[in-house]
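Below is one structure, written out as structure tokens; the observations come after it.
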Amino acid sequence: MLIKQTTTVATELDSAFIERFAKNYLTEQFPSTEEEKVRISVAHLDPRITIKPCKIPLTANIPEKNGAINVNVKISCDESIKWKIYLSAKVEITKAVLIAKNTISKGDKLDESNVELAFIAINKIRGNKLTDTNIVFGAKAKKRIAKGRAISKRSICLICKGDVVTIIVSSDNFSIKTQGVALSSGNINEQIRVKNTRSKKVITPRVKGINQVIIHL
């Protein structure tokens, strides 16, 4: 990610101005969105530091951006007698993911009673966590999910091994339905193994929905 510089002109400076300038800069670099919330806090300047005036625009940047929560903001004045000040700041980014409202046991169905959307610190999110209730609601837990734990595809199955499913064979001209039994687990659009109850053949359709798989001809 390219870190842009922010500039402002200030002939009279104080610590409050510098701190506000640093926070405004960080807010531009780390904007909040519907999916992510950002909270920024800037440390107070050491009162023993003397802040000299600057007749040209101040600049701000982050010398080293490595994704850490704690960053150092460099405030510079680049006139003939240059000076710079570093401020430490904390950038806390949280992302909206679906989590367990309470402990969900293996085999339990997921719905609004046991799943909710919550903002979790991104440094605590491991792997691909789910945010869409359309994918999660109606699925079953493949294993125990502790209260407050984020929901991932690996922890749920829209169709689980052993489930009775409707097999849909579809083309542009016709659609046929028959019954089968899932021989493996999967989620939306994933291929699973299914045994056709009538023909006894094992096929590999894709998961279409709750207890539904489809084969496109």
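The values are calculated or read from the model by the stated rules, or taken from the named source; none is laboratory data. From a predicted model like this one, the values you see are computed outputs, not experimental measurements. FYI the Cβ positions are ideal-geometry reconstructions off the backbone, even for glycines, and counts take in every protein chain you see. Protein only, heavy atoms only, side chains kept; ligands, DNA and RNA dropped before computing areas. Shrake-Rupley method; radii C 1.70, N 1.55, O 1.52, S 1.80 Å.
If you take the Cα centroid of the range 163-182 and the Cα centroid of the range 189-207, the two points sit 9 Å apart.
Highest mean first, how do 127-136, 89-98 rank when packing is the count of other Cβ atoms within 10 Å averaged over residues?
Values: 127-136: 14.2, 89-98: 17.8.
Highest mean packing first, the order is 89-98, 127-136.
Summing +1 for each Lys or Arg and -1 for each Asp or Glu, what net charge is found among the other residues whose Cβ lies under 9 Å from the Cβ of Ile203?
Details: positive: Arg193, Lys195, Lys201; negative: none.
Charge balance near Ile203 sits at +3.
Grab the other residues whose beta carbon is less than 13 angstrom from that of Leu183, score K and R as +1, D and E as -1, and report the net.
Details: positive: Lys161, Arg193, Lys195, Lys200, Lys201; negative: Asp163.
Residues near Leu183 contribute +4 overall.
Atom-type composition of the exposed protein surface of the chain places 48 percent of the accessible area on carbon and sulfur (1.4 angstrom probe). Taking the Cα atoms of the range 37-112, the ratio Rg/Rh between the radius of gyration and the Kirkwood radius comes to 1.31.
Using the heavy atoms of the protein chains alone and a 1.4 angstrom probe, what is the accessible area of the range 51-198 per residue in square angstrom? Display every interim value, and only then the final one.
Details: 8530 Å² over 148 residues.
For the range 51-198, the solvent-accessible area averages 58 Å² per residue.
What order, most packed first, do the peptides 180-192, 75-87 have when packing is the mean number of other Cβ atoms within 10 Å of each residue? All intermediate terms of the calculation are to be shown ahead of the outcome.
Details: 180-192: 17.4, 75-87: 14.8.
Top of the packing list down: 180-192, 75-87.
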